[in-house]
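First up is the structure itself, then whatever we jot down about it.
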Amino acid sequence: MDTTAVQKMTNHFDDLSQTLPEDGIEFWFARDLMEPLGYARWENFLTVIRRAIDSCETTGCAVSDHFRGVTKMVKLGSGAERPVDDFMLTRYACYLIAQNGDPRKEAIAFAQSYFAIQTRKQELIEERMRLQARLDARERLRESEKTLSQNIYERGVDDAGFGRIRSQGDAALFGGHTTQTMKERFGITKTRPLADFLPTLTIAAKNLATEITNHKVSQENLHGEGAIGSEHVQNNKSVRNMLGERGIKPEQLPPEEDIKKLERRVKSEEKKLVRQSGTLPPPKE
C-alpha cells in the first residue's frame, strides 16, 4: 500500500471514530467499519467479530469492556426504518477484529497497524505495517516448512534429511553461501534460525521456493532425500534467478532485527493497547 493510500485510509478511519463525551472513550461502530475493511455482507463480518470476541476472552479481558451489542435504526429505500444489530467497539476490539480478519485484504493489513497504535502519525502506521508484513512473512515460512517436513517424512526423509534439504536450498538461494556461512556473515548464533534475521523480501523468497517444493513433492509424488533435495535446490535457484533479473542478490541484503524481539514488542504493545483503549461504560438502564 503506497503512502497516498495509507493517508486516505487513515483519514477515513479517523472520520469513523466517535467519542463518548462523559468518559472520553474512543469507539467505532462495527457496521461503519464493515465495508472499509473489505466485507460486503454483515454475516461474514459477524464471523470475524465473533472470532475477535473469542480472542478477547482468551486474553482474559472482559468482553463487555470492549464489545457492546447495540441496536440501531436504519432507513430503508421507502423511507421507513428498521432495527439492525450492531456493536460499539473500543480501539482494542477493532484491533482484535483486524487480527482475525482476512490478511489478504489490503484494508485488513492496514487496520492491523492503524488500531495497534494510539498515535495517528502516518509514518508510524507505515512503519508498523512493514513490521507486521515481516512477521506475517515469517509465519507463512514456518507453516510452509512445517508442511514440507511432514510431507517428506511420509516419503522416507527423517529430520536430519530435512535439515540437509533445507540447507541445500539456502545455498542455492544465496548463490553458494551455506546457511552457516550466512549466519556467520550476520553474526547469528548456531542455534537460531537464519530466517529470524532475514528481511521480508528474502523470507518471502524462501517461502515461495518451499511452497513450490511442497507442490511438486505432492504432484509428482517424489520420494527420498535425493529427489526431493534436487527439487528444492532447483526451486531456490529459480527464485534466485527471478530476483537476479531485478538486480537483487539475497546474500547482499542486510540483516534485520531479530524477529523474536519484534514478536515480544508486539505482545507488549498489545498489553498497552488494552490499557490505553479504555473500557466501555456499563449500558444505561
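Every number here is computed from the coordinates shown, using simple stated rules; none is lab data. Since we're looking at a predicted model, the values are computed, not measured. Backbone-built Cβ (ideal geometry, glycine too); neighbour counts: all protein chains shown.
Using the C-alpha atoms of the chain, what convex hull volume per residue, in cubic angstrom, is computed?
Values: hull volume 51.1 nm³, N = 285.
Roughly 179 Å³ of hull volume per residue.
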Original post:
Hey, in the GNM for the chain with a 10 angstrom Cα cutoff, which one of ALA30, ALA227, ALA111 fluctuates hardest?
Top reply: ALA227
**OP:** Filter the trypsin sites (Lys or Arg not before Pro) in the stretch 56-91 down to the DSSP loop ones having no more than 10 other Cβ atoms within 10 Å, then list what survives.
**Re:** none
**OP:** Write down the radius of gyration of the stretch 60-166 and its Dmax, each obtained from C-alpha positions, in Å.
**Re:** 21.6, 70
Original post:
With a 10 Å Cβ neighbour count serving as the proxy for reagent exposure, in which order, fewest first, do TRP28, TRP42 appear?
Top reply: TRP42, TRP28
Subject >> Tally of Lys pairs whose C-alpha atoms are under 17 Å apart, taken over the stretch 132-254, 8 or more apart or cross-chain >> reply: 9
Original post:
Angle between the Cα long axis of helix 122-153 and the longest principal axis of the chain, 0 to 90 degrees, nearest 10?
Top reply: 50
Original post:
Given only helices, namely DSSP H runs of n ≥ 4 each adding -39500 (n - 2.57), what is the per-residue ellipticity at 222 nm of the chain, to the nearest 500 deg cm²/dmol?
Top reply: -20000 deg cm²/dmol
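To two decimal places, what compactness ratio does the stretch 132-254 give when its Cα radius of gyration is scaled by 2.2 N^0.38 Å? Write down the numbers at each step before the final one.
On the way: Rg = 13.6 Å, N = 123, 2.2 N^0.38 = 13.7 Å.
The value comes to 1.00.
What number, in nm² with one decimal, is the all-direction average of the projected area of the convex hull of the alpha-carbon atoms of the stretch 1-51? Intermediate results must be reported in sequence, preceding the final value.
Values: hull surface 18.5 nm².
It is 4.6 nm².
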Original post:
Assuming a viscosity of 0.692 mPa s and a temperature of 37 °C, what translational diffusion coefficient in µm² per second does Stokes-Einstein assign to the stretch 212-278, Rh being the Kirkwood radius over Cα pairs?
Top reply: 208
Subject >> Sites GLU57 and ARG275 - FRET efficiency at Förster radius 22 Å, r taken between beta-carbons, to 0.05 >> reply: 0.75
Original post:
Amide H neighbours of ILE25 under 5 Å, counting only residues 5+ apart in sequence or on other chains, H built in-plane at 1.01 Å?
Top reply: LEU20
Subject >> P(r) histogram, all alpha-carbon pairs of the stretch 1-91 included - 10 Å bins from 0, percent >> reply: 14, 39, 36, 11, 1
